[in-house]
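Notes to accompany the following structure.
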Amino acid sequence: MTPVGVLGILVLLLAVYCATDPFKHSGIYEFTDFVAYKVDMPPWGLVPTLRDDENLLEKSEIKFMNEVQGPESIAFDPLGSGPYTGVADGRIVFWDGQRWNDFAHTSSNRSELCDPKPSPLSYLPNEHICGRPLGLRFHKKTGDLYIADAYFGLMKVGPEGGLATSLVTEADGVPLRFTNDLDIDDEGDIYFTDSSTKYQRRNFMLLIFSCENSGRLMKHNPHTKETTVLMKNLQFPNGVSLSKDGSFLVVCEACSGRLLKYWLKGEKSGTSEVFAILPGFPDNVRSNKNGEFWVAIHSRRSMYSHILGLHPKLRTFILKLPIPADVQRLLHMRGKPLGQAVKYGPDGKLLLVLEDSQGKVVRAVSEVDERDGKLWLGSVLMPFIAVYDLD
């Protein structure tokens, strides 16, 4: 047999293997209905290349090591106390200056399933029971804490804490399956994201691989109890933040790596547009007192992930190879996690990139909150909070 014939047989066998996955070694073998979607990718030439050559995030101070597991979002109450953060076992805790205290929880089921575990990802199998608080925002006037719980939807707890109350679990008759982040305007209306109507957070890897387009941005009016879908068909919407004047909000779309602007006021009200192209995969976005936006980036986008985003059939083929899901994810992240904090102006102009390109200190960032000249860096994947001094 000729070399070309041997190669043809090997390619055929590989194709049959990927089609059947007989030994169930692929990252998607449990999900027989998995479908990869084409990502609405920006041209590769528009992806920002600005780098932090000094790796300034390496100078961050690691605080509360192994005291908080997976602190996704960070908030301070209207009196400036805190921080408050949601952790992987379903609790919301706050720092009183001396130690961490329990403040609230989103699930009434606080069984031994929610007991301490060695890492944030160890809680994934039981998150739907224990709850997983992600985005946190305080109402500046009432002191109520609003919570985006990945499994229980949009929730609220009063200044005294305790068991949170459910506000929204569905919109337009479609249940929330991956509630992610929120913000509150001056009238008390809440804007929040549901990352997927198909995949829950415990299957977030499948959402990353699929980039299916069922994500939504919604508005909840607490006075009328009405919930309105503002944007739909989004590919992994995540963080959301209002502009300083409240005329628009921005929402992170993780799969495409961009910030979308949704107009709330003016002649463009009710329309959306691309606000900024991001250098990598975003999580939360938070505005500062100047009306600038800090975006948390988990890693820079690689050409590999760019190409696979444009070609879903190729992505599915590779996902069916006998390569574990964690390894597949690292391939999209250029082989290793690294943290980035990226600042954009109110006009969408890229202003600053801070990073730890070697992942020595800040290996992942889920949220960047600027307060009193410091950046508080939360991470859903790490057992600590990092603080970077802007001065």
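The values are calculated or read from the model by the stated rules, or taken from the named source; none is laboratory data. Everything quoted here is computed from the prediction, not taken from an experiment. Cβ atoms come from the backbone with ideal geometry, glycine included; neighbour counts cover every protein chain shown.
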Check your understanding: Which one is nearest to Ser272 (Cα to Cα), of the residues in segment 218-247 that are surrounded by 23 or more Cβ atoms within 10 Å (Cβ to Cβ) and hydrophobic (A, V, I, L, M, F, W, C)?
Key -> Leu234
Review point. Conditions: (1) in contact with a strand residue (DSSP E or B) (Cβ under 7 Å, 6 or more places away or on another chain); (2) among the polar types (S, T, N, Q); (3) surrounded by fewer than 22 Cβ atoms within 10 Å (Cβ to Cβ). Ser302 meets all but one. Number of the miss?
Key: (1)
Point to revise | Single match in Arg202, Arg177 (criterion: closer than 28 Å to Ile323 by Cβ and in contact with a helix residue (DSSP H, G or I) (Cβ under 6 Å, 6 or more places away or on another chain)) | key: Arg202
Point to revise | Val362 vs. criteria under 20 Å from Pro279 (Cα atoms) and of a type in the set (Val, Ile, Thr) | key: yes
**Study point:** Every residue from segment 339-362 that is surrounded by 16 or more Cβ atoms within 10 Å (Cβ to Cβ) and in contact with a Gly (Cβ under 6 Å, 6 or more places away or on another chain)
**Key:** Pro346, Asp356, Val362
Point to revise | Residue that is among the hydroxyl-bearing types (Ser, Thr, Tyr), modelled with pLDDT of 95 or more and over 24 Å from Asp194 (Cα atoms), where the choices are Thr142, Thr106, Thr85 | key: Thr142
Point to revise | Filter pass, Lys336 being surrounded by fewer than 16 Cβ atoms within 10 Å (Cβ to Cβ), assigned to a loop (DSSP other than H, G, I, E, B), free of Cβ contacts under 8 Å to residues at least 60 places away in the same chain and of a type outside the set (Val, Ile, Thr) | key: yes
**Study point:** Restricting segment 250-274 to residues that are touching a Leu at 6+ places or on another chain (Cβ under 7 Å), within 15 Å of Val240 (Cβ to Cβ) and of a type in the set (A, V, I, L, M, F, W, C), the residue that is surrounded by the most Cβ atoms within 10 Å (Cβ to Cβ)
**Key:** Cys252
Study note, to complete from the structure: Selection over segment 37-81 where residues are modelled with pLDDT of 95 or more, crowded, with 19+ Cβ neighbours inside 10 Å, of a type outside the set (Ser, Thr, Tyr) and assigned to a loop (DSSP other than H, G, I, E, B) yields a count of 6
Point to revise | Selection from segment 160-169 of residues that are without any contact (Cβ under 8 Å) to a residue 12 or more places away in the chain and not in a loop (DSSP other than H, G, I, E, B) | key: Thr165
Exercise for review: Quick one: which residue in Lys244, Lys265 is more than 30 Å from Leu354 (Cβ to Cβ) and part of a loop (DSSP other than H, G, I, E, B)?
Suggested key: Lys265
